[in-house]
Amino acid sequence: MPPRTQTACIDFDGVIATYDGWKGPDILGEPIAGVAEGIQRLKDNNWMIIIFTTRLASDKLRTYLNDNKIPFDYINENPEQYPNTNNGKPAAHVYIDDRAITFNGNWVETVDTVLNFKPWYKK
């Protein structure tokens, strides 16, 4: 397998799991359709996967990801709450977030966009 050259930082609430408002650190929504397969496609293309969450990187969160076969390399926790949640995001090539352009609710289209992204400049 070639070395990983790209990193995707993926938000947990609203992208990996359904989210209907904060109900507590251990209340996790159902997996969004296609999430495990979508993230696996990125990994199959040698992307490193960082799960970003303001929740603690608890055993319950790790168990949730493993039980739902959602691949990841590590969890980046940021315990700071709104409005400071952006301060702790790790460096990544792509951020997949429900409050961003990248994620539209459809994992097939989202991964296609990421894998087919072309920079604005020409070589």
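The values are calculated or read from the model by the stated rules, or taken from the named source; none is laboratory data. In this text the structure is predicted, and so the values were computed from the model without any measurement. Here the Cβ is made from the backbone with ideal geometry for all residues, glycine too, and neighbour counts use every protein chain on show.
Go through segment 10-32 residue by residue and tally those that are in a strand (DSSP E or B) and under 20 Å from D112 (Cβ atoms).
Adding up the residues that qualify gives 3.
Can you give me the ranges of the strands (runs of 3 or more DSSP E) entirely in segment 33-96 with at least 2 residues that are among the β-branched types (V, I, T) and at pLDDT 75 or above?
Counting at least 2 such residues, we get 47-53, 94-96.
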